[in-house]
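Peer 1: Below: one structure in structure tokens.
The values are calculated or read from the model by the stated rules, or taken from the named source; none is laboratory data. Values in this document were obtained by computation on a predicted structure and should not be read as measured data. Here Cβ is always computed from backbone atoms with ideal geometry, including for glycine, and neighbour counts include all displayed protein chains. Just so you know, the surface numbers come from the protein's heavy atoms only, side chains and all, with ligands and any DNA or RNA stripped out. Shrake-Rupley method; radii C 1.70, N 1.55, O 1.52, S 1.80 Å.
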Amino acid sequence: MAAPSTQELVDYVNLLRGWTRRNLETRYSRSLLRLLWTLLNPIIFVVIYVVIFGVIFKQTGGSVPYLSYLISGYIIYRAVQNALNANSCIVDNLDLIEHAKFSREIIPLSQVTVVAIDLLVTFTAYLLVAGIQGHPPTEKIFAAPLVLLSTLIFSAAVCITASVIQVFVRDFQFAANLVGMAMFFTSPVSYLPESLPHWLNWLNWSNPISVNISALRALTLQDQWPDWSLFGVHFVITSLALVLAVWHLHAVEYRIVDLG
């Protein structure tokens, strides 16, 4: 297979940009608060969970303030959850897919680009909260983009895979809610990783969300370098998962077109 030309790459990027703009306009066109909802939704969630886990159940973030601890985990989980929740993006555009020729992965990838914008906004807000609570950024913050990139790569693999499944299994959108709930409770968003029972410790090193959360907390709250070997393995695996997801989408493209 020949490498894409410069013009093909430019066209690809322009198409991705156009789809992303379309998704943003659709998402916020009827909202007076527009992008402020990107902050308000997680703020409401965090307040509820701080009350439930931090006040009622006396959960702690170890040596760091629980509010910062919770937000650092939630912004990583939220990115993957939003990508999973976009599982109907291909189904919603079947008519266009039938009548237009373009790279089909553009549709879910444009959803992930919106997720990336959301992640950057909430990450900036998180750094502000962490700084107020006594954990301002150090030089290790320059490694944080690697964690965010790893999260987005995993989110893209999840979004493409889920959107293809949704084409052929229309009830998957209901199962996706359960998957999202399972991802939350199997990731150390609101609890300390070491609080898991011994027989569940494998979740701390096998779950990409857990690995990215731990890496982000190490860099921003603990002023430590994360376990780069574990992070590197997950970065490679999730990158391969994304490549396989795109390949599979292309492999079943003719079946998707027939459903249009």
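Peer 1: Does the range 131-144 hold any residues that are closer than 18 Å to S68 by Cα and either part of a helix (DSSP H, G or I) or out of contact with any Pro (no Cβ under 9 Å at 6 or more places or on another chain) (or both), and which are they?
Peer 2: Across the range 131-144, the qualifying residues are G131, I132, P136, P137, T138, K140, I141, A144.
Peer 1: Before we move on, is S239 in contact with a helix residue (DSSP H, G or I) (Cβ under 8 Å, 6 or more places away or on another chain) and under 29 Å from P137 (Cβ atoms)?
Peer 2: Details: in contact with a helix residue (DSSP H, G or I) (Cβ under 8 Å, 6 or more places away or on another chain): yes; under 29 Å from P137 (Cβ atoms): yes.
Spelling it out, S239 is indeed in contact with a helix residue (DSSP H, G or I) (Cβ under 8 Å, 6 or more places away or on another chain) and under 29 Å from P137 (Cβ atoms).
Peer 1: I've got another one for you. Go over the candidates L128, L149 one by one and state the one that is part of a helix (DSSP H, G or I) and farther than 28 Å from G232 by Cβ.
Peer 2: L128
Peer 1: So, V121, is that one part of a helix (DSSP H, G or I) and surrounded by 14 or more Cβ atoms within 10 Å (Cβ to Cβ) or not?
Peer 2: Details: part of a helix (DSSP H, G or I): yes; surrounded by 14 or more Cβ atoms within 10 Å (Cβ to Cβ): yes.
For V121, the condition - part of a helix (DSSP H, G or I) and surrounded by 14 or more Cβ atoms within 10 Å (Cβ to Cβ) - is met.
Peer 1: Shifting gears a bit: Name every residue in the range 128-156 that is over 22 Å from the mean Cα position of the chain (by Cα) and of a type in the set (S, T, Y), in order of residue number.
Peer 2: Result: T138, single match.
Peer 1: A follow-up question, please. Within the range 199-224, which residues are under 23 Å from V179 (Cα atoms) and loosely packed, with under 14 Cβ neighbours inside 10 Å?
Peer 2: Scanning the range 199-224 gives W199, L200, N201, W202, S206.
Peer 1: Could you tell me which of the residues S150, S195 is out of contact with any Leu (no Cβ under 9 Å at 6 or more places or on another chain), without any contact (Cβ under 8 Å) to a residue 60 or more places away in the chain and of a type in the set (S, T, N, Q)? Write out each step before concluding.
Peer 2: Numbers: S150 fails: without any contact (Cβ under 8 Å) to a residue 60 or more places away in the chain.
It is S195.
Peer 1: Right, here's the next one. Got a sec? Which of L84, L67, L109, L39 is modelled with pLDDT under 90 and either closer than 30 Å to N207 by Cα or assigned to a helix (DSSP H, G or I) (or both)?
Peer 2: Going through L84, L67, L109, L39 in turn, just one is modelled with pLDDT under 90 and either closer than 30 Å to N207 by Cα or assigned to a helix (DSSP H, G or I) (or both): L39.
Peer 1: In the range 89-116, which residues are open to solvent by 10 Å² or more (accessible area, probe 1.4 Å) and farther than 13 Å from N23 by Cα?
Peer 2: V91, L94, D95, L96, E98, H99, A100, K101, F102, S103, R104, E105
Peer 1: Going by the conditions given, is Y66 more than 30 Å from Y254 (Cα to Cα) and in contact with a Gly (Cβ under 8 Å, 6 or more places away or on another chain)?
Peer 2: Yes: the conditions hold for Y66.
Peer 1: How many residues are open to solvent by 50 Å² or more (accessible area, probe 1.4 Å), closer than 15 Å to I97 by Cβ and touching a residue at least 40 places away in the same chain (Cβ under 8 Å) when one looks only at the range 232-254?
Peer 2: Qualifying residue count for the region: 1.
Matching residues to (1) at pLDDT 95 or above; (2) open to solvent by 20 Å² or more (accessible area, probe 1.4 Å):
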site: L149; (1), (2): yes, yes
site: I153; (1), (2): yes, yes
site: S163; (1), (2): yes, no
site: F168; (1), (2): no, yes
site: Q173; (1), (2): no, yes
site: N177; (1), (2): no, yes
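Peer 1: Answer yes or no as to whether S229 is of a type in the set (G, A, S) and either touching a strand residue (DSSP E or B) at 6+ places or on another chain (Cβ under 6 Å) or open to solvent by less than 70 Å² (accessible area, probe 1.4 Å) (or both).
Peer 2: For S229, the condition - of a type in the set (G, A, S) and either touching a strand residue (DSSP E or B) at 6+ places or on another chain (Cβ under 6 Å) or open to solvent by less than 70 Å² (accessible area, probe 1.4 Å) (or both) - is not met.
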